Structure formats: C-alpha cells, structure tokens
1. For residues in the range 110-127 being of a type in the set (Gly, Ala, Ser) and buried (at least 24 other Cβ atoms within 10 Å of the Cβ), which is nearest to Gln34 (Cα to Cα)?
2. Of a type in the set (Val, Ile, Thr), crowded, with 17+ Cβ neighbours inside 10 Å, more than 15 Å from the chain's Cα centre (by Cα) and within 22 Å of Gly68 (Cβ to Cβ): is that true of Val133 in this structure?
3. Test Asn97 against the criterion of being among the polar types (S, T, N, Q) and either touching a Leu at 6+ places or on another chain (Cβ under 6 Å) or under 15 Å from Phe75 (Cα atoms) (or both), and give yes or no.
4. How about the range 135-166: which of its residues are more than 17 Å from Thr18 (Cβ to Cβ), in contact (Cβ under 8 Å) with a residue 24 or more places away in the chain and in contact with a strand residue (DSSP E or B) (Cβ under 9 Å, 6 or more places away or on another chain)?
5. Could you go through the range 210-233 and let me know if any residue there is at pLDDT below 95 and under 16 Å from the mean Cα position of the chain (by Cα).
6. Return the pairs, sorted by first residue and then second, in which the second residue is assigned to a helix (DSSP H, G or I), the first residue lies in the range 196-208 and is farther than 23 Å from Gln169 by Cα, the beta carbons are less than 6 Å apart, and the residues are 6+ apart or on different chains.
7. Would you be able to say whether some residue in the range 164-186 is part of a helix (DSSP H, G or I), at pLDDT 65 or above and within 14 Å of Glu134 (Cα to Cα)?
8. Which number in (1) surrounded by fewer than 23 Cβ atoms within 10 Å (Cβ to Cβ); (2) in a helix (DSSP H, G or I) marks the one condition that Phe141 misses?
Amino acid sequence: MPNANTVLVINPNFDVPTSFIHLWANEVIIEAQQLGLNVINLDTEEARLPQFESSIANDDPILFFGNGHGAQKVFTGDQQNHILWIPTSEYGHNDSNINLVQGRITYLLSCLTGTSLGPAIAAQENTGYLGYVEDFIFNGFEPGDEYSRGFGECSNAIMRVLLNGGTIQEAYDEGIRMFNLWIDIWEQSSDEGASFIISSLIHDRDALIALPGMPIPPPASIVERKSIFPEMTIAGYGMMISASLL
C-alpha cells in the first residue's frame, strides 16, 4: 500500500523549457511541504532512473509528479534520461517499466504521453494518470515572467487538488477551470502577445486528459502562426525550442 502522505517529484533543470517548469515545480513542492506531506524531490541531476527506482522502492509514494520532456511512449528526466516507458523500437525499449507507478496517481507535465504511455499507465489496477495528448507549449522570455505565469498556474492547480486529496477528475476539472480563467485574463489584455498566449492556453487545455474515465481525443490540427515569443515545448522527445533561443 503506497504511503498516502508521500509525493515523489522528478524535477530536471537542464535546458530552457525545463528551467520554466523547474520553477513551477518548486512552488508545488513548497505547498506540499506546508501541508505536512513528505516530498521526495529528485532535483536537477538527481532526476534520473536509478534515483526514481530507489524512491519508488524505499518511499513508496502515492503521488508521482513528473516534469520533463516526453513522447508518446516515453517520459524523461534529467538530460532526457528515460524514466518511464512502454515498448517502443524508436527509443530502444522492448519492455515496459510502468509497473513502477501501479497503484499510484501520476501527473506528467510533459508532451504527448497522454496518447500511449498514459493510457497504459492508467490501465493498471488502482492507478490514475493526468497528462497531455499533444505537446505542452508555453510562451515567455524568462522563467517567472508575466507571459509564462498562467501556464505554471494551470499546471500547479492540478497538483494542488491532488496534494489536498482530490480525485483525478477533480484535478482535471480544476485544471480546465484555471486554463479558462487565464484565457479570460489574457482576452482582456492589450499586450501584443496576448493572442499567442491565448492560443497556447487553449491548445494545452484541450490536450489535458485524465485517465481512466476519458476517451483519448484525436490529434489536433496544427495551425502555423508567427509569434513574438520563442515557442517552447517540454516534449516531442528532444528539445523543441525555436532558434531564437539558441
């Protein structure tokens, strides 16, 4: 039986996209500690498979919060070290290790894992998953700026519900509510970047999925738009950062 007061966080910080989500994850960690929860923070170089396996075995967390790049069948941590996977010849796995999160709730702030990896995780007994069926994209110039703030608030709202003992459906509903709130906020803005932020928030909102209990939506159509922001994703396996950030 997993420990009901223990949370495990994969928290890398090795490139531009993960520098943003690292900041957001640290906010969640502080809130969890204030609630009196036992937080295992696999930070920066510690966000790797051996440390993950050790924490699962020794700490037995009920809740796993994974931040990092991802793909349909793989979730990664520091330097794209593989953390969770199902069989995929593309990334060199003929096995699966998702049994590590069986009986737990997993939220992956990553791209694309909701298409294959997430459903496989949630198909296990007494196991829940939240994540994204498309790339998780966000806009901003530096971590903590006003443009990226809403994306972090939406993700953290999901975790906040889970930290307080809410169900995956309640966490999903709060995430959708928060995405809609930030869409409304930016619709009132005269900032030249508002339309691009709104588009990204809508994209991420519609890509959020909670399993079991929801049908997996078909891939969304891609609309090319020129933005004033460097577009960042935390997935697609391999950093997807525009050249302007290099």
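The values are calculated or read from the model by the stated rules, or taken from the named source; none is laboratory data. Just so you know, these numbers come straight off a predicted model, no measurement behind them. Neighbour counts run over all protein chains shown; Cβ positions are idealised from the backbone, glycine included.
1. Among them, the one singled out is Ser110.
2. Considered against the rule, which asks whether it is of a type in the set (Val, Ile, Thr), crowded, with 17+ Cβ neighbours inside 10 Å, more than 15 Å from the chain's Cα centre (by Cα) and within 22 Å of Gly68 (Cβ to Cβ), Val133 comes out as no.
3. yes
4. Tyr147, Gly150, Cys154, Ile158, Leu162, Leu163
5. Yes; the residues of the range 210-233 include at least one that is at pLDDT below 95 and under 16 Å from the mean Cα position of the chain (by Cα).
6. What qualifies is Ile197/Trp186; Ile198/Ile183; Ile198/Trp186.
7. Within the range 164-186 (the criterion being part of a helix (DSSP H, G or I), at pLDDT 65 or above and within 14 Å of Glu134 (Cα to Cα)), the answer is no, since none of the residues qualifies.
8. In the conditions (1) surrounded by fewer than 23 Cβ atoms within 10 Å (Cβ to Cβ); (2) in a helix (DSSP H, G or I), Phe141 misses (2) alone.
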